[in-house]
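Worksheet: one structure, shown below.
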């Protein structure tokens, strides 16, 4: 088998950009992939080697624009001009429940599908996978994106198995599609692409140069509950508002149902329709999220926090916290306490 000389024949990568993408992810992927080989050689030898990748930003036109947060973007090529990439990367795009991606990014989706049909491999960061789901490329497959996209996938793409706990997922024949989850997981995506298509040793050097590590434990400890307030169900909305202050009370769910004036079955059906949660699971997620905030402030003991958020059994609290976040309360405090972020590194 012939080994490819990437310095003579760089890996060709195109990154799709639009006004609705986030500059940090777009340029983070661009910078890490562009620097493969050369950054490490400059660091260790004082001289850069020829680039091992050719990375371009492509968009509908070459006209400069500003994306989210006002970050300026200067495309290298138009979609029509870009036809020789081996890998196409989709960064995140601002996507909500009310606007299907195709209404905003139709030309980009059609171009990606056409290029994939021609054999190009696809890589997505954060919400970029929703464009592939919208095109039907992920039907019957597992997918991931930022944890906040769970509702979008559940409602809009029911044929896709959404995995919010996963850092990377794979789809398509021969894993021709790779997707990364949380916003910072573009680093994992870029390192994976380097390892798979250039070589694991280059991925290791890139990780060491940028001081980043892959995150095999996924997104659970970052996620927050999506507590939707539904204006079309005033009763449930009032119950949610009450529970936001009363989550620490004993029998909080029973009290909430009583306040609603609804029969239990009717309440359960309407609450799940409005929030996506059962009342019990909603309360648990609310309590764990409040516990996270106590732990981040790094003051009270775990026992005191457990009691403050409504658990009479600290062991039950610890079990529930780890089930929902993947970390024990003590581990979460070590990783996310405000003192830890402010401490000298």
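Please work out which one of (1) under 18 Å from residue 286 (Cβ atoms); (2) exposed (fewer than 14 other Cβ atoms within 10 Å of the Cβ); (3) at pLDDT 90 or above is the condition residue 315 fails and give its number.
(1)
Any residue in segment 224-234 that is under 25 Å from the mean Cα position of the chain (by Cα), at pLDDT below 85, surrounded by fewer than 17 Cβ atoms within 10 Å (Cβ to Cβ) and within 30 Å of residue 49 (Cβ to Cβ)?
no
Name, by its number, the condition in (1) modelled with pLDDT of 85 or more; (2) outside any strand (DSSP E or B); (3) assigned by TED's automatic domain parsing to the domain that holds residue 121 that does not hold for residue 15.
(2)
Check whether at least one residue in segment 70-77 is in a helix (DSSP H, G or I) and closer than 13 Å to residue 19 by Cβ, and report yes or no. So that I can check it myself, show each step before the final result.
Taking segment 70-77 as the starting set, the residues that turn out to be in a helix (DSSP H, G or I) are none.
Within segment 70-77 (the criterion being in a helix (DSSP H, G or I) and closer than 13 Å to residue 19 by Cβ), the answer is no, since none of the residues qualifies.
If you go through segment 35-66 one residue at a time, how many are modelled with pLDDT under 95 and within 25 Å of the chain's Cα centre (by Cα)?
Adding up the residues that qualify gives 2.
Does segment 92-100 include one or more residues that are at pLDDT 95 or above, surrounded by 21 or more Cβ atoms within 10 Å (Cβ to Cβ), in the same structural domain as residue 152 (by TED's automatic domain parsing) and within 24 Å of residue 119 (Cα to Cα)? Break it down stepwise before answering.
Going residue by residue through segment 92-100, those that are at pLDDT 95 or above are none.
Within segment 92-100, none of the residues are at pLDDT 95 or above, surrounded by 21 or more Cβ atoms within 10 Å (Cβ to Cβ), in the same structural domain as residue 152 (by TED's automatic domain parsing) and within 24 Å of residue 119 (Cα to Cα).
Please determine whether any residue of segment 267-277 is loosely packed, with under 14 Cβ neighbours inside 10 Å and under 22 Å from residue 317 (Cα atoms).
First, pick out the residues of segment 267-277 that are loosely packed, with under 14 Cβ neighbours inside 10 Å: 269, 273.
Still in the running and under 22 Å from residue 317 (Cα atoms): none.
There is no residue in segment 267-277 that is loosely packed, with under 14 Cβ neighbours inside 10 Å and under 22 Å from residue 317 (Cα atoms).
Go through segment 14-34 and give me each residue that's touching a helix residue (DSSP H, G or I) at 6+ places or on another chain (Cβ under 7 Å) and buried (at least 24 other Cβ atoms within 10 Å of the Cβ). Let's see the steps before the verdict.
Taking segment 14-34 first, the residues touching a helix residue (DSSP H, G or I) at 6+ places or on another chain (Cβ under 7 Å) are 15-18, 20, 25, 28-29, 32-33.
Within segment 14-34, 15, 16, 17, 25, 29, 32, 33 meet the criteria.
Can you name the residue in segment 135-156 that is in contact with a helix residue (DSSP H, G or I) (Cβ under 8 Å, 6 or more places away or on another chain) and within 25 Å of residue 33 (Cβ to Cβ) and, of all such residues, is surrounded by the most Cβ atoms within 10 Å (Cβ to Cβ)?
Top of the filtered list is 145.
Looking for something over 19 Å from residue 200 (Cα atoms), part of a helix (DSSP H, G or I), in the same structural domain as residue 90 (by TED's automatic domain parsing) and out of contact with any helix residue (DSSP H, G or I) (no Cβ under 6 Å at 6 or more places or on another chain) - is there at least one such residue anywhere in segment 45-55?
So far as segment 45-55 goes, yes, one or more of its residues are over 19 Å from residue 200 (Cα atoms), part of a helix (DSSP H, G or I), in the same structural domain as residue 90 (by TED's automatic domain parsing) and out of contact with any helix residue (DSSP H, G or I) (no Cβ under 6 Å at 6 or more places or on another chain).
The values are calculated or read from the model by the stated rules, or taken from the named source; none is laboratory data. Worth saying up front: this structure is predicted, and the values here are computed from it rather than measured. Cβ sites come from the backbone with ideal geometry, for glycine too, and all protein chains shown count toward neighbours.
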